[in-house]
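Have a look at the structure below, then the notes.
Values in this text are rule-based calculations from the coordinates and carry no lab data. These numbers come from a predicted model, not from an experiment. No Cβ is skipped: glycine too gets one built from the backbone with ideal geometry, and neighbour counts run over all protein chains shown.
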Amino acid sequence: MRPQTADALILRTYRYGEADRIVVFLTEDRGKKRGVAKNATKSRRRFGGALEPLTRGRVAFVEREHRDLVRIDRIDAPRSPLRATAGRGSGDGAHVLGHASYFAELLDEWAPEGQANERLFRLGAAIGEALCRGGSVEALARYFEYWLLRLEGVYPALEFCPRCLQPALSSGAVLVVGDWTYICETCAHTAAQLSPAAMRFLASAGARTPSEVTEKGASATALREIEHVHHRLISLHLDKELRSARVVRELRPTS
Ligand SMILES: [Zn+2]
């Protein structure tokens, strides 16, 4: 019953009765937790601006005996991507919020309940920081998906084609869903889904920081190719389609 504090990322919240909210948060060293924030809709002093997805802050909470839900007393020093980017121009807010929700939903799916995963926390925190600073949100999203799959050890090999063993994937690749591999155009007998530009982005993702990725970006076409492939991999890995992934697609301006 002793009070605790933890560096945490807010993943999502939902209503609980009249004025309370349930908050799902990912701590650095104690895994994912959920708790009740009493009077959250009214108390700006304790929770002001701290409940948006991917906000990072110090969460003060109390574990309660025989209860799954902790009691959240306050969230200090919150840093929210949505607030950090507010007022940057029309439409930006919805774009950032859509992606913050998407990133938080992915973290929620990836994080086991009550089991610490510091690498996942650090990745989420770095992505939140990069989102606060601005730049190419789409490039950041593809980078994040790459790293999530890689942390699970399930990202398909990028170095060579597993069928012909030629290091030919840099000239384009096709995803073979059943084999969970990328293969070359020659072996696939079809045009590449991932162009050389998309393969260059993926090949460099392992060695780059989130800030480098948002600053440099990549062509819209290459990012769209990667998005398509990543969403297949992620929905197969999780055995479901993420709600926020659909929202992000719907928010995108049609071109
Ligand atoms: Zn091949």
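Quickly rank 74-81, 234-241 as a protection proxy: mean count of other C-beta atoms within 10 Å, highest first.
74-81, 234-241
Once you place label points 7 Å from the Cα toward the Cβ at residue 180 and residue 154, how far apart are they in nm?
0.6 nm
Let's test the formula: R0 of 51 Å, r as the Cβ-Cβ distance of residue 41 and residue 170. What FRET efficiency results, to the nearest 0.05? Could the numbers behind the result be given before it?
Numbers: r = 52 Å, r/R0 = 1.02.
That pair, residue 41 with residue 170, gives E of 0.45.
Taking the alpha-carbon distance from residue 33 and a cut-off under 30 Å, which lysines remain once sequence neighbours fewer than 8 residues away in the same chain are dropped?
Within the straight-line limit of under 30 Å, residue 33 reaches these lysines: 42, 240.
Under the definition of Cα pairs under 8 Å and six or more residues apart, what whole-number percent is the relative contact order of the stretch 82-158? Kindly include the intermediate steps, with their values, before the conclusion.
Working: 41 pairs, mean separation 23.8, N = 77.
Over the stretch 82-158, the number comes to 31 percent.
Below 8 Å, C-alpha to C-alpha, sequence gap of six or more: please give me the relative contact order for the chain in percent. Walk me through the numbers on the way to the answer.
Numbers: 465 pairs, mean separation 40.5, N = 255.
After rounding, I find 16 percent.
Largest first, please: the extent of the C-alpha atoms of the chain along each principal axis, to the nearest Å.
61, 42, 29
If you stretched the chain out fully between residue 83 and residue 63, how much longer would it get, using 0.36 nm times the residue separation minus the C-alpha to C-alpha distance? Could you put the intermediate results ahead of the total?
Values: separation 20, 0.36 × 20 = 7.20 nm, distance 2.96 nm.
So the chain would gain 4.2 nm between residue 83 and residue 63.
Charges at C-beta only: +1 for Lys and Arg, -1 for Asp and Glu. How large is the resulting dipole of the chain about its Cα centre, in Debye rounded to 20? Kindly include the intermediate steps, with their values, before the conclusion.
Details: 38 positive and 31 negative charges, 216 e Å.
Roughly 1040 debye, rounded to the nearest 20.
Cα convex hull of the stretch 49-151: mean projected area in nm², to one decimal? Spell out each step's value before the answer.
Numbers: hull surface 28.0 nm².
Orientation-averaged projected area of the Cα hull: 7.0 nm².
Okay, helix-only estimate at 222 nm for the chain: each DSSP H run of n ≥ 4 adds -39500 (n - 2.57), divide by all residues, round to 500 deg cm²/dmol; what do you get?
On the way: 10 runs with 107 residues, N = 255.
Mean residue ellipticity at 222 nm (helix-derived): -12500 deg cm²/dmol.
Testing the spin-label approximation: label points 7 Å from Cα along Cα→Cβ at residue 19 and residue 251. State their distance in nm.
3.0 nm
Distance between the C-alpha centers of the stretch 203-255 and the stretch 12-67? Whole Å please.
Computed from Cα coordinates, the inter-centre distance equals 28 Å.
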